[in-house]
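**Student:** The structure under discussion is supplied below as structure tokens; questions concerning it will follow.
The values are calculated or read from the model by the stated rules, or taken from the named source; none is laboratory data. All of these numbers come straight from a predicted model, not from anything done at the bench. Backbone-built Cβ (ideal geometry, glycine too); neighbour counts: all protein chains shown. Heavy atoms of the whole protein, side chains included, go into the accessibility calculation; ligands, DNA and RNA do not. Shrake-Rupley method; radii C 1.70, N 1.55, O 1.52, S 1.80 Å.
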Amino acid sequence: MPKLVSVSQTVAIEQAQVNLGVTMRQLMLNAGAGVAEIIRRTSESAVGNKKVISLVGKGNNGGDALVALRDLAFEGWHGTALIFGQRSTSDSLLKAVRGLGCEVVYFSDSETETLEKIFSGEPAVIDGILGTGFRLPLSEELASAMNWINAEVKRQNCQVFSVDCPSGVNCDTGECAEEAMDADVTVCMAAVKKGLLTFPAAAKTGKIETVDIGITEDNPEWQNVTDFVADEAMLKSLLPPRPLNSHKGMFGKIMVCGGCLEYPGAPILNGCGAYAVGAGLVRVASTEYSMQGYSGRLIEAVWLRLPHTNGYLNIDGIPLLERTLMEQDVLIFGSGLGINSTTTEFVNSFFDLVQRRKNILSRLKIVLDADGLRMITSLNRWYEKIPSQTVITPHPGEFRAITAGMELEGMDRLNSAKIVAEKWGCVVVLKGAMTVVAAPDGRSATIPIASPALAKAGTGDVLAGMIGGFLGQGLDVYDAAVLGAGIHAMSGEVTSAIYGNSRSIMASDIYYHTSEVFSKLEGV
């Protein structure tokens, strides 16, 4: 699974590797070889005229780009090194590519007609103009050059492979120049840089791949990295087993508690999400409005009708919950409860119950979502009243509400989630494009997917259900949250592909197509 690092961590990791006896030159040679291998594997040019252009800046990324060009030229690719800024004519890599028959052209000295000819024939384009140390703004000269190149590669149907990051991107903050390179593939060296999973930079990266440049497991700086990217390999490794001699009790008893007159469908979406990922038994505790209006959408569920006041759950239902919870493994709490004095009293009374019976309910895992999450903040030091095996699932607005106004703009999403997870002792799923999952022990996983298909009411309820479903199958709270968020995001992508658009997708479509995600991960 790829690691996620800052620019300063990258520098420290590489220096630590040098201290272990590997030269910076060897790291560069490994990086360039990795870029060349990905181009061989993915470029359409590999089966055509085998033409490649390397955009070479003056820094280390330019060196990586030249190594990749050299390796491909050695195999017979027709290559051009297009140089930006100054690079010594005695550079050994420039001499090497010249010796292999590559043209070396300086962008600033070239006529438009010459440049257009270089980009003709759909070459693979290696972007090594700027590296991970770039900070805005771009110089006028580079901005003009990169703007021209972006237009030309689009016009001539070239594939762009960026070395470590698209040129013009801030790899820590995700800021980027308007003229930043538009990559089809970003080839990250050893680890993904944090800014690449932050917008607006995330819209520039294309597909992200990582290559081994020789960082070893005994590297102390590498060992200290606790932030990861939840790629498909990681998700597959977390999938719980499904033995042939299974029974429903092995896959968890899940209780959903939520819904009100205004939002009767929310607990149904919870339940469907839990069943879609393999939960054994789902029990829905809600008002009669959910039961009467939507039981036909979830005929597999067991129902517990709770008393209500004008359509909102009231404290008379607490004794019923208390008796039933003794038999449950997981509780998904809060979706669609509605916010008023009745439900606030209900939520407060419920968590008083959890505290009062914590010895008996110690094995209960909780997913705290939506209105339940907002209302529990009325309790003094509420985070001390929830069990240690709790996952909270705020979207950015809910996050600001429960953190008394912590602004995500003032600090990146990843660090925001990690701070809260450590402070409150629970797993945090900070929803949104590139959802972040953070554990109290400092681990994190970023889901590298941004799908407009999930920008619909109800999809968060499905996500809470999926996390609860994996908790019921025995995963610990962090792994269940990572797997649930990852499967949910992939389901959005798969559904968009099936429908041919992301506009018309509804929350129920997401869990309908989760089976295709499992088939993909399990290779069925």
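**Student:** Where does each of Leu115, Leu320 land when they are ordered by accessible area, with a 1.4 Å probe and the largest first?
**Tutor:** Numbers: Leu115 10, Leu320 50 Å².
Highest to lowest solvent-accessible surface, that is Leu320, Leu115.
**Student:** Here is a further query. Would you work out which of Val22, Thr393, Gly252 lies farthest towards the positive end of the dipole of the chain, given +1 charges on the beta-carbon of Lys and Arg and -1 on that of Asp and Glu, about the Cα centre?
**Tutor:** Result: Gly252, furthest along the dipole toward the positive end.
**Student:** Tell me whether the range 233-282 comes out rounded, prolate or oblate; compute the Cα gyration tensor, take square roots of the eigenvalues as a ≥ b ≥ c, and use a/c under 1.5 as the rounded threshold. Mind dumping the intermediate values first?
**Tutor:** Values: a/c = 3.96, a/b = 1.86, b/c = 2.13.
Note, shape of the range 233-282 comes out oblate.
**Student:** Also, I was wondering about something else. Can you compute the helix-only [θ] at 222 nm over the chain? Use -39500 (n - 2.57) per DSSP H run of at least 4 residues, normalise by all residues, nearest 500 deg cm²/dmol. Each step should come with its number before you reach the end.
**Tutor:** Values: 19 runs with 210 residues, N = 524.
Taking each H run of at least 4 residues, the total per residue is -12000 deg cm²/dmol.
**Student:** Using the Karplus curve 6.51 cos²θ - 1.76 cosθ + 1.60 with θ = phi - 60°, work out ³J(HN,Hα) for each residue of the range 326-338 in order, rounded to whole Hz, and write x for Gly and Pro.
**Tutor:** Each residue of the range 326-338 in turn: 4, 9, 9, 9, 9, 10, 9, 10, x, 5, x, 5, x Hz.
**Student:** Nearest 10 degrees is fine. How inclined is helix 341-356 to the longest principal axis of the chain, computing both from alpha carbons?
**Tutor:** Approximately 90 degrees, to the nearest 10.
**Student:** Using modelled backbone amide H atoms (1.01 Å from N, in-plane), which distant-in-sequence or interchain residues come within less than 5 Å of Val367's amide H?
**Tutor:** Amide H neighbours of Val367, under 5 Å, 5+ apart: Leu331, Ile332, Phe333, Val391.
**Student:** Taking the Cα centre of the range 196-312 as origin, sum charge times position over the Cβ atoms of Lys and Arg (+1) and Asp and Glu (-1), and report the length of that vector in debye to the nearest 20. Walk me through the numbers on the way to the answer.
**Tutor:** Working: 9 positive and 11 negative charges, 171 e Å.
Dipole of the range 196-312, to the nearest 20 debye: 820 debye.
**Student:** Rg (Å, one decimal) plus Dmax (Å, integer) for the alpha carbons of the range 463-524?
**Tutor:** In order Rg, Dmax, the Cα atoms of the range 463-524 give 12.0, 36 Å.
**Student:** Calculate the translational D of the range 1-116 in whole µm² s⁻¹ from Stokes-Einstein, where the hydrodynamic radius comes from the Kirkwood formula applied to all Cα pairs, the temperature is 4 °C and the viscosity 1.567 mPa s. Each step should come with its number before you reach the end.
**Tutor:** Working: Rh = 15.4 Å.
Answer from the Stokes-Einstein relation: 84 µm²/s.
**Student:** Something else about it: Taking the 0 to 90 degree range and rounding to the nearest ten, how far is the long axis of helix 60-74 tilted relative to the main principal axis of the chain, both from C-alpha atoms?
**Tutor:** The angle comes out at about 70 degrees.
**Student:** So, with +1 on the Cβ of K and R and -1 on the Cβ of D and E, and no other charges, what is the size of the charge dipole of the range 276-335 about its Cα centre, to the nearest 20 debye? Provide the component values of the computation, followed by the final result.
**Tutor:** Details: 4 positive and 6 negative charges, 27 e Å.
Rounded to the nearest 20 debye, it is 140 debye.
**Student:** Would you please give the residues with an amide H less than 5 Å from that of Thr309, counting only those at least 5 places away or on a separate chain, with H modeled from the backbone geometry?
**Tutor:** Those qualifying (amide H under 5 Å, at least 5 residues apart or on another chain) are Asn314.
**Student:** Shifting gears a bit: Along its three principal axes, how long is the range 252-411 when you only count alpha carbons? Whole Å, largest extent first please.
**Tutor:** Principal-axis extents of the range 252-411 (Cα, largest first): 45, 34, 33 Å.
**Student:** Still on this structure, I have one more. Taking K and R as +1 and D and E as -1, what net charge do the other residues with C-beta under 12 Å from the C-beta of Val330 add up to?
**Tutor:** Values: positive: Lys253, Arg283, Arg363, Lys365; negative: Glu327, Asp329.
In short, +2.
**Student:** Report, to the nearest whole %, how much of the accessible area of the range 371-505 belongs to carbon and sulfur atoms, 1.4 Å probe, protein only.
**Tutor:** Numbers: 2310 of 4610 Å².
Answer for the range 371-505 is 50 percent, counting heavy atoms of protein chains only.
**Student:** Further, regarding this structure: Suppose we keep just the DSSP beta bridges with both residues in the chain; what percent of those would be antiparallel, to 5?
**Tutor:** On the way: 10 of 65 bridges.
Of all bridge pairs located within the chain, approximately 15 percent are antiparallel.
**Student:** Rounded to two decimals, what is Rg over Rh for the range 167-269 when you use alpha-carbon atoms and the Kirkwood radius?
**Tutor:** Details: Rg = 21.0 Å, Rh = 18.0 Å.
On the Cα set of the range 167-269, Rg over Rh gives 1.16.
**Student:** Mind listing which trypsin sites (Lys or Arg not before Pro) in the range 372-470 are in a DSSP loop and have 14 or fewer other Cβ atoms within 10 Å? Please list the in-between numbers first.
**Tutor:** On the way: sites: Arg374, Arg381, Lys385, Arg400, Arg413, Lys418, Lys423, Lys431, Arg443, Lys456; in loops: Arg381, Lys385, Lys431, Arg443, Lys456.
Of the trypsin sites (Lys or Arg not before Pro), the ones in loops of the range 372-470 whose Cβ has at most 14 other Cβ atoms within 10 Å are Arg381.
**Student:** Quick check: convex hull over the Cα atoms of the range 212-333, volume per residue in Å³, rounded to an integer?
**Tutor:** Spelled out: Cα convex hull of the range 212-333, divided by residues, is 183 Å³.
**Student:** So what are the radius of gyration and Dmax for the Cα set of the chain, in Å?
**Tutor:** Radius of gyration, then largest Cα-Cα span, for the chain: 26.3, 84 Å.
**Student:** Once you charge only the Cβ atoms, +1 for Lys and Arg and -1 for Asp and Glu, what is the size of the charge dipole of the chain about its Cα centre, to the nearest 20 debye?
**Tutor:** 1280
**Student:** Taking every Cα atom in the range 374-477, find the radius of gyration and the maximum pairwise distance Dmax, and write them in Å.
**Tutor:** Cα only, the range 374-477: 13.3, 38 Å (Rg, Dmax).
**Student:** Among the listed pairs Lys50/Lys117; Lys154/Lys207; Lys51/Lys204; Lys236/Lys418, which are separated by more than 20 Å between their Cα atoms? Intermediate results must be reported in sequence, preceding the final value.
**Tutor:** On the way: Lys50/Lys117 15 Å; Lys154/Lys207 17 Å; Lys51/Lys204 23 Å; Lys236/Lys418 24 Å.
The answer is Lys51/Lys204; Lys236/Lys418.
**Student:** Give, as a single signed number, the net charge of other residues whose beta carbon lies under 15 Å from the beta carbon of Leu361, with Lys and Arg counted +1 and Asp and Glu -1. The partial results should precede the final answer.
**Tutor:** Values: positive: Lys253, Arg323, Arg356, Arg357, Lys358, Arg363, Lys365, Lys385; negative: Glu322, Glu327, Asp329, Asp352.
With Lys, Arg at +1 and Asp, Glu at -1, the net is +4.
**Student:** If amide hydrogens are placed 1.01 Å from N in the peptide plane, which non-local residues have theirs closer than 5 Å to the one on Thr186?
**Tutor:** HN-HN under 5 Å from Thr186: Ser162, Lys207, Ile208, Glu209.
**Student:** With a 1.4 Å probe and all protein chains kept in place, how do Arg25, Arg40 rank by accessible area, largest first? Please list the in-between numbers first.
**Tutor:** On the way: Arg25 115, Arg40 70 Å².
Most to least solvent-accessible, the answer reads Arg25, Arg40.
**Student:** Let me ask something additional. Which angle between 0 and 90 degrees, to the nearest 10, do you get for helix 413-424 versus the longest principal axis of the chain when only C-alpha atoms count?
**Tutor:** 40
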